[in-house]
1. Test residue 174 against the stated conditions and say whether it is farther than 30 Å from residue 85 by Cβ, in the same structural domain as residue 271 (by TED's automatic domain parsing) and in a loop (DSSP other than H, G, I, E, B).
2. Have a look at 108, 89, 119, 95 and point out the one that is of a type in the set (Phe, Trp, Tyr) and surrounded by fewer than 18 Cβ atoms within 10 Å (Cβ to Cβ).
3. Given the conditions (1) under 23 Å from the mean Cα position of the chain (by Cα); (2) surrounded by fewer than 19 Cβ atoms within 10 Å (Cβ to Cβ), which single one is not true for residue 194?
4. I'm told residue 284 meets every condition in (1) closer than 17 Å to residue 251 by Cα; (2) at pLDDT 95 or above except one. Can you identify the failing condition by its number?
5. Can we say residue 148 is surrounded by fewer than 13 Cβ atoms within 10 Å (Cβ to Cβ), polar (S, T, N, Q) and assigned by TED's automatic domain parsing to the domain that holds residue 190?
6. Within the range 271-291, work out how many residues are in a loop (DSSP other than H, G, I, E, B) and buried (at least 19 other Cβ atoms within 10 Å of the Cβ).
7. Considering each of 181, 137, 189 in turn, give the residue that is in a helix (DSSP H, G or I), in contact (Cβ under 8 Å) with a residue 24 or more places away in the chain and either of a type in the set (Phe, Trp, Tyr) or in the same structural domain as residue 287 (by TED's automatic domain parsing) (or both).
8. For the range 248-264, which positions are at negative phi and surrounded by fewer than 19 Cβ atoms within 10 Å (Cβ to Cβ)?
Amino acid sequence: MIAQTAEVRDAHRFDVGALERYLRAHVEGFSGAVEVRQFRGGQSNPTYHVSAGGREYVLRRKPPGKLLPSAHAVDREYRVITALGKAGFPVPRTFALCEDDSVIGTAFYVMDCVHGRIFTDPAIPSLTSPERRSIYESLIDVLARLHTADWQTLGLADFGRPGNYFARQLHRWTQQYRASETEKIESMERLIPWLPEHIPAGDETTLVHGDFRLGNVIIHATEPRVVAVLDWELSTLGHPLADLGYNCMPYHLAEDSMEGFEGGNLAELGIPSEEHYVAAYCQRTGRAGIEDWSFYVGFAMFRLAAIAQGIMGRVLEGTANDANARQRGERARPLADTAWAVISARTPLAR
């Protein structure tokens, strides 16, 4: 039995026989009786382990029920993973996309089951310092590879709206925050006008992941390197430094409450300093440096604070599904406070 799986939740059950018939018809070499288990965790798209004929697959589907028109876009996930896989980027191999709701109730896609390790704590306490160092080197290398991928050649020219990414994102997340606001957070009131007025000059477009962090990659079973990047639900065409700022949030977040390592002894841990980590990214992407670094980190925290506020709104409405929803929702204020502190300090990193 594969780790991190359980019996399929009642709300996420489907006709396994219908799935088996579909896979026999659409996945080359598929055979055997299907067995299905569900991966534990708070994925917005239910994710299943499928085994048959001595082979293992992973199925990601839209959740059942009424959904927002653009949410849970498994077709977009399938498209970007398939394109990147053909270019040799570390993603699972894809097999089939089914947009016919009559098969199992919602659209889904099937990909290879990649084995390895997933670490959710960015301090990776179970490993040695050299292993941590190598994992972070691999992580930044993979992010740089994503941002230097030729998205037009990959057939992803219409995967998003090129340009003006931060202005559009700030407008979107401000609206989302206001729609679910449950209390006045003073630091958010400062961030909401400040960020649009201080978007750095210049613009660029790359493929971005949208949630690039250690917990969304699979590390090789025995080697300290990334073998697959997961959870592409938020991927689009956007500004690469939004991804980088988000990836660097642990440098500014407390270990005890926010899944970070701010204040920790990074040299002892074997984790590169933020300055060295960003410099490694710049070297790999051909940048001389990054102006206005505080903006990118502050923006990432602002966006996450808005998401946390939305979660808290659902908690108070009684519609939250995640058992840890309240804890995640309560992060809105400390995230906003930290974002404003980062911006106020105006750290001239990588200038």
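The values are calculated or read from the model by the stated rules, or taken from the named source; none is laboratory data. This structure is a prediction, so every number in the text was calculated from the model and none was measured. Quick reminder, even Gly has a Cβ in these numbers, built from the backbone with ideal geometry, and neighbours come from all protein chains shown.
1. Criteria not met by residue 174.
2. 119
3. (1)
4. Status for residue 284: all satisfied but (1).
5. Taking the combined requirement at face value, the residue does not satisfy it.
6. Qualifying residue count, the range 271-291: 3.
7. Every option except 137 fails the conditions.
8. Matches in the range 248-264: 254, 255, 256, 257, 258, 262, 264.
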